[in-house]
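A.B. asks: Below is one structure. I have some questions about it.
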Amino acid sequence: MTQHIPAKSMWILGQGGFFGSAIAHAATRQHVNVFPHARIPWNSPGDRAFALRELAQQFSDVAPEAPATIIWAAGSEGVGRKQLTGCSELDAFEDFVQAISNVENLKGSTVAIVSSAGGVMGGSESPPFDIHTPVHAINQYGQDKIAIEKMGISRLSSDFRVHIARVTNLYGPWYGPRQGLINRLCTAAASREALQIFVPLDTVRDYIYVSDAAQLLLLEITADPSAISLIGSGENNSVGTVISTVSHVARRKVPITLAQLAISPLQPKDLRMHPSWLDRGLHFTPMPLSQGVKLLFDSLVTVPRWNQSTLLT
């Protein structure tokens, strides 16, 4: 495998989000120049397209040296979440593709597209799944992710190195809305407020600490900028095991109730994964689930609103 020279400049779409901010921190630690920019008006199609065109040109101006890397990590949708007309991730990605394709100096750069392993393989057969597993979505979220992957490959591959990064379930400290099962469970344990769970306790997922996922993404892009990667810990756990781990770390029972919603059938039961780093010889050691949960829970209980004395007043 040919070793790719690490990028000196990087533009991260979605760098204000959960995963995007972790990627920005990981890149900065590696002395990569992360392109700062104003917030993009994602929910205003006309303004969004204009902003993306302007930013693409600005990034080209400040990153004249090659190779540069552009990372699409702007997705904020989920299973069962409705979007305004023209404001889906797929719509935004099409504007992004058009914007960078029109800037000649950006051609030859690496474009990494962050996708969802569970979304694109939710209906695939014979887990554990890997980068060779045929994609098969069972909900609109997954179908849109597949469409984004296909659009990126078909419209960008002739002028850019395109890397598809399929990421498993993220968790870790985050100041924004609680995302994902583990973040919500730790919040429920810290606040002692009940959490509803909409999948069976034997549902299996690969969970990876968000800073680990960001580090691994950069390793995968560096190793092969024109590949598909599966970003995960390789530690597959059931929802029941996760609940037990959170309870052990928090030293208290997590208040949960099991519920059924219309979106419950859209959640696949067995999403065991075989991440690509296991076969590519990358120097990476994922954080064990128990250690990551402890870091996350400790970050929550130090926040004043989770402090017990505050809760009792």
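The values are calculated or read from the model by the stated rules, or taken from the named source; none is laboratory data. Everything numeric in this text was worked out from a predicted model, so none of it was measured. Note that each Cβ is placed from the backbone with ideal geometry, even for glycine, and that neighbours are counted across all protein chains shown. The accessibility values were calculated without ligands, DNA or RNA, using every heavy atom of the protein model including side chains. Shrake-Rupley method; radii C 1.70, N 1.55, O 1.52, S 1.80 Å.
A.B. asks: Exactly one condition in (1) at pLDDT below 95; (2) surrounded by 16 or more Cβ atoms within 10 Å (Cβ to Cβ) is not met by LEU84; state its number.
C.D. replies: All conditions pass for LEU84, except number (2).
A.B. asks: Return the residues of segment 120-130 that are in contact (Cβ under 8 Å) with a residue 40 or more places away in the chain and either surrounded by 24 or more Cβ atoms within 10 Å (Cβ to Cβ) or within 22 Å of LEU90 (Cβ to Cβ) (or both); say none if nothing qualifies.
C.D. replies: Of everything in segment 120-130, those that are in contact (Cβ under 8 Å) with a residue 40 or more places away in the chain and either surrounded by 24 or more Cβ atoms within 10 Å (Cβ to Cβ) or within 22 Å of LEU90 (Cβ to Cβ) (or both) turn out to be VAL120, MET121, GLY122, GLY123, PHE129.
A.B. asks: In segment 16-35, what residues are polar (S, T, N, Q) and within 18 Å of GLN57 (Cβ to Cβ)?
C.D. replies: ASN33
A.B. asks: Can you name the residue in segment 16-36 that is touching a residue at least 40 places away in the same chain (Cβ under 8 Å) and open to solvent by 50 Å² or more (accessible area, probe 1.4 Å) and, of all such residues, is farthest from the chain's Cα centre (by Cα)?
C.D. replies: Once the filter is applied, the top-ranked residue is GLN30.
A.B. asks: Continuing with the same structure: Taking into account only those residues within segment 132-158 that are of a type in the set (D, E, K, R) and in contact with a strand residue (DSSP E or B) (Cβ under 7 Å, 6 or more places away or on another chain), which is nearest to SER109 (Cα to Cα)?
C.D. replies: GLU149
A.B. asks: Filter segment 37-71 for residues that are in a helix (DSSP H, G or I) and of a type in the set (A, V, I, L, M, F, W, C); which is most open to solvent (accessible area, probe 1.4 Å)?
C.D. replies: Applying the filter and picking the extreme gives PHE50.
A.B. asks: Continuing with the same structure: Can you pull out every residue in segment 265-302 that is among the charged types (D, E, K, R), under 20 Å from the mean Cα position of the chain (by Cα) and outside any loop (DSSP other than H, G, I, E, B)?
C.D. replies: Selection gives ASP270 alone.
A.B. asks: Here are some residues: LEU181, LEU170, LEU185. Which one is under 30 Å from LEU295 (Cβ atoms), open to solvent by 20 Å² or more (accessible area, probe 1.4 Å) and in contact with a helix residue (DSSP H, G or I) (Cβ under 6 Å, 6 or more places away or on another chain)?
C.D. replies: Just a single option satisfies the conditions, and that option is LEU170.
A.B. asks: Does segment 222-242 contain any residue that is part of a loop (DSSP other than H, G, I, E, B), more than 25 Å from GLY122 (Cα to Cα) and modelled with pLDDT of 95 or more?
C.D. replies: yes
A.B. asks: Give the residue that is farthest from ALA214 (Cα to Cα), with candidates limited to residues of segment 138-167 that are touching a Gly at 6+ places or on another chain (Cβ under 8 Å), open to solvent by 20 Å² or more (accessible area, probe 1.4 Å) and assigned to a loop (DSSP other than H, G, I, E, B).
C.D. replies: ILE138
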